[in-house]
Each structure stands twice: as C-alpha cells, then as structure tokens.
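This report concerns only the one structure given below.
The values are calculated or read from the model by the stated rules, or taken from the named source; none is laboratory data. Quick caveat, the model's predicted, so the values are computed rather than measured. Here the Cβ positions follow ideal geometry from the backbone for every residue, glycine too, while neighbour counts run over all protein chains shown.
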Amino acid sequence: MVKADMASAAIFRRKSGLLQQLKPRSSFMRTTLVIGIVVVASQVLSIAFFWQNLYLPEIKQHAHTSALRLDLLRSADLSGQPSAALIDLELRQFGNLVVVRDPANFPKPVDKWFAELFTDPFEKQLESELNTVARVYFEFKPIPTLWIQAPTKTPMWVSEELRFIQQYSPGIIIGWVLGVPLLTIMAIVVLARQLNRPLKRLQLAAIRVGRGLHSTQLDINSGPSEIRAVNRAFNLMTQQIQQAERGRTVMLAGISHDLRTPLTRLRLTAEMLRDPELAEGMILDIEDMDAILDQFIAFMRDGSEEPMESVDLNELVHEVAHQVHSQLDIHLNLSELPMLQLRRLSFNRLLANLTQNTWRYGDGPFEIRTWASLDRAFLRCRDHGPGIDMARAEELMEPFQRGDQARTSQGSGLGLAIVARIVRQHRGRIQLGNASDGGLELLIELPLKVGLRLSR
C-alpha cells in the first residue's frame with residue numbers, strides 16, 4: 001500500500017513538473033493563451049447553439065416534408081395509382097422534387113465529411129418517418145442538389161435543387177469561423193505589446209541601476225497612468241540610491257582624510273624611534289592601515305560614472321605587469337584580442353587588486369593568460385599559493401570576507417569584492433577556484449560587445 005502511494009505521488013510530481021514546463025513563461029504568451037481559449041470556446045459554443053436551435057430543427061423539418069412526398073411515391077409505386085407522370089408532376093409542383101428513374105442519371109455518391117454533417121441527421125429523420133433504410137447524398141456542383149434514394153421497389157432517386165444555398169457567402173462563413181479568432185489574436189498582440197514595452201524598459205532600467213548607472217530615468221509624461229506611477233516611483237528610488245551613495249562616499253572620504261593626518265604623524269614618529277625593528281614594524285602597520293583606507297575608497301567609488309572606451313586588454317595587462325615586476329614574478333601568455341569596451345581605470349584597478357592579492361597571500365609566479373572566442377574574451381589569472389577552501393569560493397567575492405585567517409591576518413577583505421563588482425559592471429562572469437596542480441585560479445569572461453541600451 002505504501003509503495004503504491006509512493007508510486008502515485010511520484011507520477012503526480014512528474015505530471016506537475018511536465019505541466020510547469022509546458023506553461024508559457026512570458027505574460028504575453030499567457031495572456032494570448034487565456035484569451036485564445038476563451039475565444040475558441042465562445043466559437044464552439046456559438047456553433048453548437050446555432051446547430052441545436054437553428055440548423056438541426058430546420059433539417060428535421062425538411063426531412064419530415066420530404067418523407068411525406070416519398071411515402072406518396074412509395075404508395076403509387078406499389079399500387080400503380082395514380083400514374084407515374086401525375087406523381088412526378090405533383091412532386092415537382094408541391095415539393096420541388098424531381099424523380100429520376102433512368103439509372104444513367106443516378107448520382108454517384110462520394111464520402112464528403114462536411115456534407116455528411118447535414119445528411120446524416122436527414123437520413124435518421126427519414127428512417128424514423130418511413131420505417132426503412134434511407135440514403136441521402138448532397139452534390140455541391142454545378143447546382144447544390146439533395147439526392148434521396150426512394151423507398152420503392154423500382155430503383156429511383158429523387159432530387160431537390162437547393163438554390164438558396166448559393167446565396168450563402170463562403171467568405172462571411174469563413175470570416176466568422178476564422179476571422180474572429182484571428183482578429184482577437186491581433187488585438188491581443190497589440191495590447192500585450194503596449195503592456196510589455198514599458199515593462200521591458202523598466203527591466204532594462206533596473207539592470208542598469210543594478211550595474212551602478214544611477215542616472216537612468218524613465219519617462220513619466222506618456223503612457224497609461226499606472227505605468228507612469230511605476231516609472232515615477234522607480235525614478236524616485238534611483239535618486240534616493242544615488243543620494244545615499246554620494247553621502248556615503250563623501251562620509252568615507254572625510255573619514256579617510258581625517259585618519260590620514262594622524263597616520264602621517266605616527267609614521268614620522270615611528271621613523272624617529274631609536275629601535276629600528278620596532279620602527280619598521282610600526283611603519284608596516286601604518287602602511288597596511290593606509291592601504292585598507294585606499295581599498296575602502298576604491299570600493300565606494302565603484303567607477304560606474306567612468307565612461308566606456310575602446311581598450312586593448314593586453315596593453316592593460318602589460319602596464320600592470322610592468323608596475324609590479326619588481327615585487328612579483330609574472331608570466332604572460334597573451335593571445336590577440338579585439339578591442340573591448342571597458343572602463344580603463346576600473347579594469348586597471350581590477351588587475352592591480354589581483355596582483356596585490358597574489359603578492360600578499362599567494363606564491364609566484366603569477367600567470368596571466370588571455371584569449372577570445374566568437375563572442376567572448378577570457379582573462380585567466382593564477383598563482384601558486386595554497387589556494388582556497390572551495391566551499392567559500394562565492395563567499396570570498398563578497399565585501400569584508402577574507403580567506404584562511406591564519407595566513408590572511410592583514411587586508412580589508414575588499415580586494416576580490418572590488419574585482420567581482422567591476423566584472424559585473426562589464427556584464428561579465430567570474431569563476432574562482434583551485435588549479436589542478438595547486439594555486440588559486442580566477443577566470444573572467446567578458447562579452448565582446450559591452451553595453452546596455454535603454455530603448456524609449
């Protein structure tokens with residue numbers, strides 16, 4: 001019993017998962033699907049209503065009248081009275097029926113599914129009226145004609161021209177059956193686009209703000225009132241974020257300025273100490289404090305206001321390598337790259353942070369490799385130090401997170417956070433891990449075309 005319940009639950013979960021996969025993801029497709037189902041259901045119900053309340057009663061009434069005439073023809077065929085000529089004349093005058101006795105003129109019935117929708121209920125009504133098997137055939141061309149096989153001993157057919165059917169316009173029928181759903185779908189497309197366009201603009205604007213472009217503003221003078229209200233709230237939010245960041249930057253800059261003055265005095269005092277070892281230790285601590293302040297300032301000034309420009313990434317790598325070659329052994333393996341749209345100063349800071357991280361916590365040599373694919377450029381940096389705990393790989397790219405405290409007792413914990421932020425601002429991806437033969441490895445992927453347009 002328990003196994004059966006578990007199997008049923010597993011089947012239910014699979015079905016639920018399948019339904020979730022089949023469900024449209026976008027609001028446009030969901031709106032189209034819902035309204036489309038409503039329109040189709042409305043058309044089906046309309047056709048069913050007209051069929052049950054208009055067409056079917058008319059067919060049965062016509063079959064009843066035809067059954068009376070055919071019964072008269074059957075009686076005359078059995079008794080011989082009145083004559084066939086008189087019967088034919090009466091049927092032509094009162095029933096618009098033509099008796100066909102020549103087998104050469106008999107119809108050759110062919111299955112027509114559309115016509116059988118009407119002939120089948122006609123046959124059933126005739127069979128109920130005449131208590132015999134009936135056969136009905138409808139011919140569309142050259143003239144719409146209804147053929148009924150007469151229930152007589154002598155083989156004969158009765159034809160009835162239905163010229164009124166020619167008055168029906170196929171265009172109107174097709175327009176009603178197909179045109180209404182098509183017009184509905186077109187209306188859905190227009191309405192959905194009018195709704196989705198401002199939502200798309202809002203999405204792009206939110207992405208831009210997430211990347212530090214706080215100057216992004218949405219239009220509040222056009223569009224529906226609900227969209228204008230949302231845009232107005234978004235603009236207010238971006239302004240408040242921008243003001244908060246400016247205030248935080250100013251505050252941190254003031255703190256940095258106020259702290260550097262006593263640090264400078266402490267350094268001068270330390271240099272005047274008679275104990276060289278004590279003086280050296282104090283100076284190193286002061287330099288470390290100064291570097292931490294620099295990291296704080298760099299983190300707060302994220303470079304989002306710096307303009308994009310065409311930059312040779314390999315040239316930046318050479319510049320940074322030249323600056324630190326006296327402190328760190330650097331091995332370069334640079335492939336030809338196209339020009340990238342980058343913030344030069346931000347990316348220079350990124351490379352400097354990586355080299356500084358290796359100098360402080362890793363072992364040389366520091367390897368830098370670049371290459372490109374069809375749509376992305378790659379930057380791989382690696383040292384030969386102890387590596388990191390992979391369980392904390394994502395955590396180490398957050399602010400104020402440091403690696404093994406036993407070996408990283410210094411630093412602010414902002415170096416990799418600054419690197420990750422700069423990569424995200426350039427719509428790139430960053431992966432942190434350990435090399436197979438030891439050492440920390442960092443892989444940066446950058447799109448060859450960087451930038452995000454906000455359409456109006």
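Output the residues belonging to the stretch 106-119 that are surrounded by 12 or more Cβ atoms within 10 Å (Cβ to Cβ) and more than 18 Å from VAL158 (Cβ to Cβ).
Once the filter is applied, which keeps residues that are surrounded by 12 or more Cβ atoms within 10 Å (Cβ to Cβ) and more than 18 Å from VAL158 (Cβ to Cβ), the stretch 106-119 yields LYS112, GLU116, LEU117.
Which condition from (1) at pLDDT below 80; (2) over 30 Å from SER42 (Cα atoms) is the one that ARG193 breaks?
Just one mismatch for ARG193, condition (2).
Only one of (1) out of contact with any Gly (no Cβ under 7 Å at 6 or more places or on another chain); (2) without any contact (Cβ under 8 Å) to a residue 60 or more places away in the chain is not met by ARG201, so which one is it?
Just one mismatch for ARG201, condition (2).
So in the stretch 365-384, with the set limited to residues that are farther than 19 Å from ASN348 by Cα and surrounded by fewer than 16 Cβ atoms within 10 Å (Cβ to Cβ), which one is farthest from the chain's Cα centre (by Cα)?
Across the stretch 365-384, the extreme among qualifying residues is PRO365.
Which residue, of GLY428, GLY413, GLY433, GLY438, is modelled with pLDDT under 80, under 30 Å from TRP371 (Cβ atoms) and of a type outside the set (A, V, I, L, M, F, W, C)?
GLY438
Output the qualifying pairs, or none if there are none: Cβ atoms under 9 angstrom, residues six or more apart or on different chains, first residue in the stretch 350-379 and at positive phi and without any contact (Cβ under 8 Å) to a residue 12 or more places away in the chain, second residue part of a loop (DSSP other than H, G, I, E, B) and surrounded by fewer than 22 Cβ atoms within 10 Å (Cβ to Cβ).
none
Being outside any strand (DSSP E or B) and at pLDDT below 75, is that true of even one residue in the stretch 368-384?
No: the stretch 368-384 contains no residue that is outside any strand (DSSP E or B) and at pLDDT below 75.
Please work out which residue is nearest to ILE444 (Cα to Cα), limiting yourself to the stretch 311-349 and to residues that are crowded, with 18+ Cβ neighbours inside 10 Å and of a type in the set (Val, Ile, Thr).
VAL317
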